[in-house]
């Protein structure tokens, strides 16, 4: 005679066999596992910020990013006016003249410096700067008393003076002039060098050629202000991962594993300031026209780790789906605690990835982390499933997920496309294997 079950026993059996409740439990577990996955993102962010602080510290001791501005010729003008009381008032105004042509040819030699486990990209550059000034500038002669040629000077802006490796000598016409430290145009160039120009009165209204060499070291970025009526910049470097930025992109460029070459050309009409002006601050407009190149690490490890962590939810959901389908198709009861252990193992993958990648190549770190995660889950599932068939399916799924994620990380420009295609395939496969399941009559058989 069968013993009639009590209401409590019936409720207990319903809890064990309810598919809806099982799905709800799995969903809640997935949401709870978002907490450690978000903590992983904060760990990656913390390590990335530490890397950035080390980069700034090393750069500050080597030399920071470098920007070349100028040369700019400044000629003081003495004006004389009469005020309301008919008294004579004198005022000094500066006439600023930019080069008619500017050419810069440079070699950039990169170097990586290590601080602990971190690497920083720095460089040494050899720049040859040349061009010519057209000194026939138009000025307002109303009230002009004197053009103070004897006080004229040329300014060259260099954003970090610590990067200057050798003395700068300006070839001005037929003369060689030594430079002086410090910028006399702080509103236009916060730091730089200045050169007093002798005998300018004799050369005024003519064209004057100039040239100088600039051996400069810096970190990560090298940029220029196109002060020439026609500005041409040519750079070459053995660094294989440049990022061209600023208001102008190179007219021509070649990038390969052996390095890059790039050529820029900017015209007077391409920028928002004139060739000469009097007593106006054009510093902001000049900064807006800058362009240059960054020497970047190709898709650094922290960026890859951050991108991989964004797929944590998808990875956990797919592995939980395999476990759930095993329950449904094989009738094997799996406890929520076992789901939790598997989910934590999947989260551990990202911790291993970021910690190992700081000491070795990212691809090697990914292989080690994925292998450890896959091995732990596969061995554990063998005892849970009691079936080599389902363990093989689970192992294949994990390997497929990690392979898909690795390929997506390598294809930075096609990551969104790869992700959408992968998710579509996963959904299609899931729909195929569950197409014949009657979910209304389905129960998880209790052991």
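When you go through (1) in contact with a helix residue (DSSP H, G or I) (Cβ under 6 Å, 6 or more places away or on another chain); (2) at pLDDT 80 or above one by one for residue 375, which number turns out not to apply?
Of (1) in contact with a helix residue (DSSP H, G or I) (Cβ under 6 Å, 6 or more places away or on another chain); (2) at pLDDT 80 or above, only one is false for residue 375: (1).
Restricting the range 266-285 to residues that are in a helix (DSSP H, G or I) and in contact (Cβ under 8 Å) with a residue 12 or more places away in the chain, which is farthest from the chain's Cα centre (by Cα)?
268
Can you name the number of the only condition in (1) over 27 Å from residue 274 (Cβ atoms); (2) touching a helix residue (DSSP H, G or I) at 6+ places or on another chain (Cβ under 8 Å) that residue 165 fails?
Residue 165 satisfies every listed condition except (2).
Taking the options 367, 394, 346, name whichever one is closer than 22 Å to residue 42 by Cα and in a helix (DSSP H, G or I).
Within the list 367, 394, 346, the selection yields 346.
Return yes or no: is residue 235 touching a strand residue (DSSP E or B) at 6+ places or on another chain (Cβ under 9 Å), more than 26 Å from residue 282 (Cα to Cα), in contact (Cβ under 8 Å) with a residue 60 or more places away in the chain and surrounded by 20 or more Cβ atoms within 10 Å (Cβ to Cβ)?
When the stated conditions are applied, residue 235 passes them.
Yes/no per residue for (1) surrounded by fewer than 20 Cβ atoms within 10 Å (Cβ to Cβ); (2) assigned by TED's automatic domain parsing to the domain that holds residue 309; (3) within 25 Å of residue 325 (Cβ to Cβ):
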residue: 343; (1), (2), (3): no, yes, yes
residue: 353; (1), (2), (3): no, yes, no
residue: 357; (1), (2), (3): no, yes, no
residue: 363; (1), (2), (3): yes, yes, no
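Going through the range 276-297 one residue at a time, which ones are farther than 20 Å from residue 223 by Cα and out of contact with any strand residue (DSSP E or B) (no Cβ under 7 Å at 6 or more places or on another chain)?
280, 281
Among residues belonging to the range 412-422 that are at pLDDT 70 or above and loosely packed, with under 13 Cβ neighbours inside 10 Å, point out the one that is nearest to the chain's Cα centre (by Cα).
417
Touching a helix residue (DSSP H, G or I) at 6+ places or on another chain (Cβ under 7 Å), farther than 30 Å from residue 110 by Cα, in a helix (DSSP H, G or I) and in the same structural domain as residue 418 (by TED's automatic domain parsing), is that true of residue 337?
Taking the combined requirement at face value, the residue does not satisfy it.
The values are calculated or read from the model by the stated rules, or taken from the named source; none is laboratory data. Nothing here was measured: the structure is a model prediction, and the numbers come from that model. All Cβ positions, glycine included, derive from the backbone under ideal geometry; neighbour counts span all protein chains shown.
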